[in-house]
């Protein structure tokens, strides 16, 4: 197809200094996502786990950057890591959750599996389990490029669910309803993602809980 | 670290407006997309963002064909820069500083034994005419409902980069001008400035100030590049008032179909991108006068989306207010009224959109 448009291409030779990011909002509440990272068994596993952690941090930041107004303005989420020698038991996860204003606590265990690393997460949602009967979600992921989308979407669904429950806990329903519905709706969009059977089975209870919470708040309108 | 010295490209295309909405015939405007260099430990990010920018440019069409109404879509610009961006707030700021309505940024990084490219899009807040171009307005007498976009930021599916592409494009200066349509050659580097005259398949024909011309290869990097290109191109078209192309591109992303000119297998878009593509395909379809069904379908698909409800209500009200609504007017008013009542609790009591919807419905009765 012929292009009649004139295309002018000019160089920006000097790398512009990126100005300081917009000043942090004045937040009322802070929530921590704590990763308890078990020392990986070898260098390969260590490398895989570190790249997973960095991407997880970036994803949480990007995922929640769209929810910075209204009822969600007061909640700032930070990701913190702590190295631990052994796989933490449930009482350790629960104690860690209680020690600070938490959103979730993840035990992160990396093991070598041939050419890739396997990362196992037990995620404790504590006060933000909502209608889940059990406050734990388990996700297991291979650190492979082809698996990355699954990893990201599975963790996004869990994080958004906990975030919605945290908003609901900080503001009365008449003020927070839309924000909670908006975040839950976003989490619900991952139900139809191309998750592999393993990831889907780990998230099955969560994907049943999300619509329960949406309906409980009449996010789909009053019938 | 070497950074590829590739041009920042500003593609200017005089386009036309093809919609049932009133064409802004005499208005001269530009919609700019800023594509900074993607981060990465070697040249892969720089090469990938150059290829994406050129691919994106290839979607800017000068006018619909045929164009019996002589419509005008203003100027489309893609600006490529050597600057890098690391987080969404910085992307927003860069968009504001460069006067861009869209910023496509990202990075290339190792993940396990391979490499992935992560692409993100932000829509910086805008004012005046730029904001107006992002906003759908329906007015009934003294009441105007305005609807912007469903989101201000998107994370696209990762591009899974094959080892051959990584090997080639991790080296600096891999975008070269060839005498013929070749994937690889020893021709000169694509320096700057240059003009891209046209795209044929996976090649761009470029011309430099010296008068020298040649072909630049635009390889398919990954199946997911269709999602990145398709959604970004659809948004550009939407902002320009080219609702026909916007609908086509958003529909492709919703359905996981390749972007135009890309010989790539089908894919599945990221959940939020797919959802919002479905919504905006419906809005685009309605705004070009092709009916309300796309919006009903998007609402049925996701009844939890307040945006989908707002869009459907506005479409109903616009149809009811049309002098040609005839017997259908009552049905449209009824559907809109029921939706507003059903979802009223999702709005603050003083919400301006809700107030305008209530006033519009009163004006119609």
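Taken over the Cα atoms of the stretch A:29-216, the convex hull encloses 105 Å³ per residue.
Taking 0.36 nm per residue of separation and subtracting the Cα-Cα distance, full extension of the segment from residue A:134 to residue A:200 would add 22.1 nm. Could you tell me the center-to-center distance, by alpha carbons, between the stretch B:74-140 and the stretch A:141-211 in angstrom? Here the answer is 25 Å between Cα centres.
Given a Förster distance of 41 angstrom, what is the FRET efficiency for residue B:200 paired with residue B:30, based on the Cβ-Cβ distance and rounded to 0.05? Working from the Cβ atoms, E equals 0.95. Here the contact order of the stretch A:34-130, divided by its residue count and restricted to Cα pairs under 8 Å and six or more residues apart, works out to 41 percent. In percent, rounded to a whole number, the relative contact order of chain B is 17, using alpha-carbon pairs under 8 Å and six or more apart. The alpha-carbon atoms of the stretch B:299-364 define a convex hull whose volume equals 78 cubic angstrom per residue.
Consider all pairwise Cα distances in the stretch B:176-302 and report the whole-number % of them above 25 Å. Pairs farther apart than 25 Å: 39 percent.
For the protein assembly as shown, the mean residue ellipticity at 222 nm estimated from helices alone is -12500 deg cm²/dmol, where every DSSP H run of n ≥ 4 contributes -39500 (n - 2.57) and the total is divided by all residues, rounded to the nearest 500. Of the beta bridges in the protein assembly as shown, as assigned by DSSP with both residues counted there, near 65 percent are antiparallel. Expressed as a fraction of 2.2 N^0.38 Å, the value expected for a compact globular protein of N residues, the C-alpha radius of gyration of the stretch A:127-223 is 1.10.
Taken residue by residue and averaged, Cβ atoms of other chains lying within 10 Å of the Cβ of A:198-207 number 0.
The label-point distance for residue A:81 and residue B:266, in a model that sets each label 7 Å from Cα toward Cβ, rounds to 3.9 nm. Take A:45-54, B:151-160 and order them by the average number of nearby Cβ atoms within 10 Å per residue, most first; the result is B:151-160, A:45-54. Each peptide in A:98-104, B:233-239 receives the mean, over its residues, of other Cβ atoms within 10 Å, and ordering these scores from highest gives B:233-239, A:98-104.
The Cα trace of the stretch B:109-255 gives Rg and Dmax of 19.7, 65 Å, the first to one decimal, the second as a whole number.
Packing order of peptides B:90-96, B:241-247, highest average first: B:241-247, B:90-96 (average count of other Cβ atoms within 10 Å over each peptide's residues). With the simple model of a label 7 Å out from the Cα in the direction of the Cβ, residue B:327 to residue A:111 spans 7.0 nm. Note on residue B:131 and residue A:127: their simple-model spin labels are 3.7 nm apart, each label 7 Å out from Cα toward Cβ.
How large is log10 I(q)/I(0) at q = 0.12 Å⁻¹ when the Debye formula is applied to the Cα atoms of the protein assembly as shown, each weighted equally and without solvent? Summing over Cα pairs of the protein assembly as shown leads to -1.25. Computed from Cα atoms alone, the Kirkwood hydrodynamic radius reported for the stretch B:256-343 is 14.2 Å. Across peptide A:177-186, the average count of Cβ atoms from other chains found within 10 Å of a residue's Cβ is 4.
Per the Cauchy relation, a quarter of the hull surface: what is the mean projected area of the convex hull of the alpha carbons in chain B, in nm²?
Over every viewing direction, the Cα hull of chain B projects on average to 19.6 nm².
With contacts defined as alpha carbon pairs under 8 Å and 6 or more residues apart, what's the relative contact order of the stretch A:105-177 in percent? Result for the stretch A:105-177 is 24 percent.
Compute the FRET efficiency between residue A:47 and residue B:365 as 1/(1 + (r/R0)^6), taking r as their Cβ-Cβ distance and R0 = 60 Å, and round to the nearest 0.05. Computed FRET efficiency for residue A:47 and residue B:365 comes out at 0.35.
For peptide B:88-94, the mean count of partner chain Cβ atoms within 10 Å of a residue's Cβ comes to 5.
Read-outs: derived from the displayed coordinates by stated rules, not from any lab. Since the structure is predicted, the reported quantities are computational estimates derived from the model, not experimental observations. So basically every Cβ, Gly included, is an ideal-geometry build from the backbone, and we count neighbours across all protein chains shown.
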